[in-house]
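Below is one structure, written out as structure tokens, with a few remarks after it.
The values are calculated or read from the model by the stated rules, or taken from the named source; none is laboratory data. Because the structure is a prediction, the values reported are computed rather than measured. Glycine also receives a Cβ, built like all others from the backbone with ideal geometry; neighbour counts cover every protein chain displayed. Heavy atoms of the whole protein, side chains included, go into the accessibility calculation; ligands, DNA and RNA do not. Shrake-Rupley method; radii C 1.70, N 1.55, O 1.52, S 1.80 Å.
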Amino acid sequence: MRRIREASGLSRQELADRVGRHVSSINRWEYGIKTPLLDGIGELADALGVEYTELIASADCEEAVSA
């Protein structure tokens, strides 16, 4: 998610504002501490201008790299 957010030119705060969440939620999602609920994934994908499948695939890749 972080890679997509940065490629979109958004700060964490800007993304949080777009999806109506607190910036701490964005932080937790990006660091893998928490995962957004299904409706949250759709909101994030819309805000980032990507398909939700791309967002999910990006999270899977980030987890594989950090493992």
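Which of the residues that make up the range 44-54 are within 10 Å of ILE4 (Cα to Cα) and open to solvent by 10 Å² or more (accessible area, probe 1.4 Å)?
Once the filter is applied, which keeps residues that are within 10 Å of ILE4 (Cα to Cα) and open to solvent by 10 Å² or more (accessible area, probe 1.4 Å), the range 44-54 yields LEU48, GLY49, VAL50, GLU54.
Consider ALA59 carefully, then state whether it is open to solvent by less than 60 Å² (accessible area, probe 1.4 Å), at pLDDT 90 or above and in a helix (DSSP H, G or I).
No; evaluated as a whole, the condition is false for this residue.
With the requirement that a residue be within 15 Å of TYR52 (Cα to Cα), open to solvent by 90 Å² or more (accessible area, probe 1.4 Å) and either among the aromatic types (Phe, Trp, Tyr) or free of Cβ contacts under 8 Å to residues at least 60 places away in the same chain (or both), what does the range 1-18 give you?
Once the filter is applied, which keeps residues that are within 15 Å of TYR52 (Cα to Cα), open to solvent by 90 Å² or more (accessible area, probe 1.4 Å) and either among the aromatic types (Phe, Trp, Tyr) or free of Cβ contacts under 8 Å to residues at least 60 places away in the same chain (or both), the range 1-18 yields only ARG3.
Scan the range 28-43 residue by residue and report those that are open to solvent by less than 50 Å² (accessible area, probe 1.4 Å) and either aromatic (Phe, Trp, Tyr) or closer than 14 Å to GLU6 by Cβ (or both).
Selection gives TRP29, GLU30.
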